[in-house]
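The values are calculated or read from the model by the stated rules, or taken from the named source; none is laboratory data. Values in this document were obtained by computation on a predicted structure and should not be read as measured data. Please note: Cβ atoms are built from the backbone with ideal geometry, for glycine as well, and neighbour counts cover all protein chains shown.
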Amino acid sequence: MSSSMCTKPGLCAGSTRGFTLIEVMIVVAIIGILAAVALPSYNESIAKGRRGDAKTQLLAAQQWMERFYSEHYKYNETSAATAVAVTDDTLWGAQSFRTSPRPGEGTAAYNLTVSAAANTYTITATRTGSAATDDCGNFTLTNTGRKSLASYDTGKYSTVDLAVAACWR
């Protein structure tokens, strides 16, 4: 048997196998197109999840404020004149809804604050961290149940009503 005869296909000197540059570029282009479509959709899905949790926390805060009012007959302070909007570990600051997600469940995407008077309040979920650039902006909820947004993307939503309809659903 001659040493120049090749008995196994693909192992001979002149018959290398592999991908051509064109084939590799086609695969790279396909991956680029898929990433361009999938990544924004994925990011929006993550943002919707964060918004959903923030809205849940806002509703929990609203329920707490209503229970507080039924005990003290005002929203802004206890009968001992302790203010509701205390930032330490008393009253508002001690509640698990003060951040979204709750403390211990991940990095905060929203911080909840309350601005209260004797007969009114507004709870605001302010974007922070990974949600700081969210198109929906900061969520607000009042004692009358009015849902609104502050600092939303006016390029995406032309009016606050359109932004509220899209972001609060």
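Structure data summary
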{"quantity": "Selection count, the range 37-73, where residues are among the basic types (Lys, Arg) and over 17 Å from residue 139 (Cα atoms)", "calculated": "1"}
{"quantity": "Selected residue (only one of 85, 80 is surrounded by 13 or more Cβ atoms within 10 Å (Cβ to Cβ) and either modelled with pLDDT under 95 or under 30 Å from residue 42 (Cα atoms) (or both))", "calculated": "85"}
{"quantity": "Where residue 118 falls short, out of the listed (1) surrounded by 15 or more Cβ atoms within 10 Å (Cβ to Cβ); (2) modelled with pLDDT under 95", "calculated": "(1)"}
{"quantity": "Selection status of residue 100, crowded, with 18+ Cβ neighbours inside 10 Å, closer than 30 Å to residue 44 by Cβ and not aromatic (Phe, Trp, Tyr)", "calculated": "yes"}
{"quantity": "Candidate set from the range 129-146 (those that are over 20 Å from residue 169 (Cβ atoms) and modelled with pLDDT under 95); member that is nearest to the chain's Cα centre (by Cα)", "calculated": "130"}
{"quantity": "The range 48-65, residues that are in contact with a helix residue (DSSP H, G or I) (Cβ under 7 Å, 6 or more places away or on another chain) and under 15 Å from residue 129 (Cβ atoms)", "calculated": "50, 51, 57"}
{"quantity": "Qualifying strands (runs of 3 or more DSSP E) (wholly inside the range 72-169; at least 3 residues being within 13 Å of residue 61 (Cα to Cα) and touching a Ser or Thr at 6+ places or on another chain (Cβ under 9 Å))", "calculated": "110-116, 121-127, 138-142"}
{"quantity": "Residue in the range 42-62 that is surrounded by fewer than 17 Cβ atoms within 10 Å (Cβ to Cβ), part of a strand (DSSP E or B) and out of contact with any Cys (no Cβ under 9 Å at 6 or more places or on another chain) present", "calculated": "no"}
{"quantity": "Filter result for the condition that a residue is free of Cβ contacts under 8 Å to residues at least 60 places away in the same chain and within 27 Å of residue 72 (Cα to Cα), over 152, 121", "calculated": "121"}
{"quantity": "Test: residue in the range 146-165 that is of a type in the set (Phe, Trp, Tyr) and either under 27 Å from residue 41 (Cβ atoms) or surrounded by fewer than 19 Cβ atoms within 10 Å (Cβ to Cβ) (or both)", "calculated": "yes"}
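Quick grid of which residues meet (1) touching a residue at least 60 places away in the same chain (Cβ under 8 Å); (2) within 12 Å of the chain's Cα centre (by Cα):
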position: 44; (1), (2): no, yes
position: 48; (1), (2): no, yes
position: 54; (1), (2): yes, yes
position: 68; (1), (2): no, no
position: 80; (1), (2): no, no
position: 85; (1), (2): no, no
position: 93; (1), (2): no, no
position: 105; (1), (2): no, no
position: 109; (1), (2): no, yes
